[in-house]
1. Select from the stretch 543-562 the residues that are closer than 23 Å to Ser491 by Cα and modelled with pLDDT of 90 or more and write down the one among them that is farthest from the chain's Cα centre (by Cα).
2. I need the full set of residues from the stretch 55-81 which are closer than 22 Å to Ser120 by Cα and part of a helix (DSSP H, G or I), in order please.
3. If we keep just the residues of the stretch 288-338 that are in contact with an Asp or Glu (Cβ under 8 Å, 6 or more places away or on another chain) and buried (at least 20 other Cβ atoms within 10 Å of the Cβ), which is nearest to Val372 (Cα to Cα)?
4. Residue by residue through the stretch 434-455, note down the ones that are crowded, with 21+ Cβ neighbours inside 10 Å, out of contact with any Leu (no Cβ under 8 Å at 6 or more places or on another chain) and under 18 Å from Glu469 (Cβ atoms).
5. Looking at the stretch 479-536 only, could you name the residues that are under 22 Å from Arg263 (Cα atoms), part of a helix (DSSP H, G or I) and not small (Gly, Ala, Ser)?
6. Could we say that Asp213 is surrounded by 18 or more Cβ atoms within 10 Å (Cβ to Cβ), of a type in the set (Asp, Glu) and either in the same structural domain as Gly82 (by TED's automatic domain parsing) or free of Cβ contacts under 8 Å to residues at least 60 places away in the same chain (or both) here?
7. Of these, Leu340, Leu355, which one is modelled with pLDDT of 95 or more and under 18 Å from Ala47 (Cβ atoms)?
8. Against the condition within 25 Å of Leu572 (Cβ to Cβ) and either in contact (Cβ under 8 Å) with a residue 60 or more places away in the chain or not assigned by TED's automatic domain parsing to the domain that holds Arg286 (or both), how does Ala473 come out, does it pass?
Amino acid sequence: MTPSRLQFRLDATAPDSRARAATFRTLHNEVLTPLFMPVGTQATVKAQLPESLEEGGSQILLANTYHLLLRPGTEVFERMGGIHGLMRWPKSVLTDSGGYQIFSLPHSRSMSEDGAVFQSYVDGKAILLSPEVSIATQRSIGSDIMMVLDQCIPSTASEKVARAAVEITQRWAVRSLEARGDSLQSMFAIVQGALFPALRKQSAEGLLSLPFDGYAIGGLAVGEGKSEREDTCAVTAEMLPADRPRYLMGVGTPLDLLEAVHRGVDMFDCIIPTQVAKRGTVFTARGLLQMRRSVYKFSDTPIAADCACPTCRKYPRAYLHHLTKTQEPLGWQLMGQHNLWFYHQLMREIRASILEGRFLEYYNDRRRTLDVEDEEFPNCPSPPSKVKPSRALTLGVYEMQVAPEGHGSIRQTTSGEIMHSRTPPIEEARDVYVEQSDLTSRLRSGPVVLWDVGLGAAANAMAAIQCYEQIAAQGGHPEMHIVSFENDLDSLRLALRHKKRFPYLRHGGPDAILARGKWHSRQYPGLRWTLLSGDFFEQMEHAPALPDLIYYDMFSTRSEPRNWDLEAFQKLFQHCQHRHVELFTYSMSTAGRVAMLAEGFWVATGCRAGVKSETTIALTPSAAAAGRHALLGKAWLGRWQRSHAKFPEGLAASAEEAFAEKILQHPQFR
């Protein structure tokens, strides 16, 4: 491949992720990635001074070719020494080609192979925006990085429409490259293909054959869902060369940026930081604050105590609240300045975590809070006495509760039982199920079928999926089929309405499994998830595959005694007895353990979980023979004999003596 004009250098890649940190040099400055580019469509970032942009850490600004062609026009740029001379901006500029306007102004233009003919909003004249005109304009503007003219279409377009857009984008890319001539400006190609991986591959392969200095992922954030965007971003980024910058166009929120970095993207732009500032919305490490809320009327604290931006160094929330309510332009300026500082600081922190080899830890920590809104998670020291919830907190027999630490949990109102009351659901799922089952090693050694018994709010299934995706991100190709069982899906429906409290649900899987009963990862073909809705002991007969692992997370004996009785474990053992199967559960119930023993399982002590000093692991005989877990021994047997709850629910008194003898003669106690 032809050497890049940007002298691109990959500084580090993150373990267990595709995140990367790099350095490249434009005609004006050295650039460190990952980076966010403020949008200065018409040679100005809304309500911001160039000096404050530079002070806040902006390395590249984005400007728009179509708008600058109309006003002030190429002659002004040529006389003023380009956009840098006009703006007095000392660092880099990237110019979009005008392709987005072909998409966003469909009623004001006509399309042909030559280009798009627009009616000027300045003087009404017809303007042809062709690849040659776009590049000639960008040369006059003098940007450091030029974008080829492409045809952007809705991401939800049909395959036929998407294919046509890929083909014309390829032809226009060739013409754009030829139009650059001897200019020293760098040029990026744009990969299109909507949501079709095969078309994305066709587009990428065609563009990689040409000597571009970087590659952009286009055609996203234009109609698709979040999970579709993330999957398509990951698939496309993997197709692009490692020695060139990767730019995701038009995205997005801080959480969007974090997710895209995790998938291998280096560069971003979006109008969000300044756009939402106009309405009084600001970003913090704990989520979004809405300065219009009356709770801030008397607040003498800054937006964020740990922020070094000029706004936070000087102005209290009360003043920003006032400026928002009165719609004063100064409020837009101050809050926009803070938001851009926040974006740049986020990029710096991400880069540092990659260089230090701790990105995945940073990613898992920050994705829980970046998108939280203060109506649901107050960031102010004196929250209002009454906060009106934005969504219902109950559904069916379930209600959503918020722990003092801020995480959500689901309570069954009929029994009072709470799922994950003391620990964030995803953390408990990792500790009790994923870590204890050593899922990482199992996936690396072969296919895994996981029965997720008691889907609930999907924490256990998502913890397993996160484990899988970490391995796959390292280049592995594991296979895992999760089969979830649940007889009442209202708990998951309720949690999905409150994703800010259940951030692990910000993923394509849970919505798909609820809507269609199945989900197959586009990004990782080896990952599948199936839902069997109804009674577990009836549905297990219809499971598409027998398990290697069982995560048994049913409601307790107090709520659902039949889930833990002899008949339950008899049916389960009959399904598993000839296989190497390990079952993990949060319960340490004596009655449950002896029911498992009586039906043929071997039983081991599991790890601590929340207030429980230990949990339980049940093993088929072949799994027990592997010797991986500490089996219950004579000491436990002695305690059982002295227990007042020696026998499973429903056991007849006349059968107790024979039952006790069966337990005493169990092979694991010999």
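1. Filtering the stretch 543-562 for residues that are closer than 23 Å to Ser491 by Cα and modelled with pLDDT of 90 or more, the one farthest from the chain's Cα centre (by Cα) comes out as Ala543.
2. Within the stretch 55-81, Thr65, Tyr66, His67, Leu68, Leu69, Leu70, Thr74, Glu75, Val76, Phe77, Glu78 qualify.
3. Leu288
4. Answer for the stretch 434-455, where residues must be crowded, with 21+ Cβ neighbours inside 10 Å, out of contact with any Leu (no Cβ under 8 Å at 6 or more places or on another chain) and under 18 Å from Glu469 (Cβ atoms): Val434, Leu443, Asp452.
5. Answer for the stretch 479-536, where residues must be under 22 Å from Arg263 (Cα atoms), part of a helix (DSSP H, G or I) and not small (Gly, Ala, Ser): Pro503, Tyr504, Leu505, Pro510, Asp511.
6. The answer is yes for Asp213.
7. Checking each option against the conditions leaves just Leu340.
8. When the stated conditions are applied, Ala473 does not pass them.
The values are calculated or read from the model by the stated rules, or taken from the named source; none is laboratory data. It should be emphasised that the depicted structure is a prediction, and the values quoted were computed from it without experimental measurement. A quick note on method: Cβ atoms are made from the backbone with ideal geometry, for glycine too, and the neighbour counts reach across all protein chains shown.
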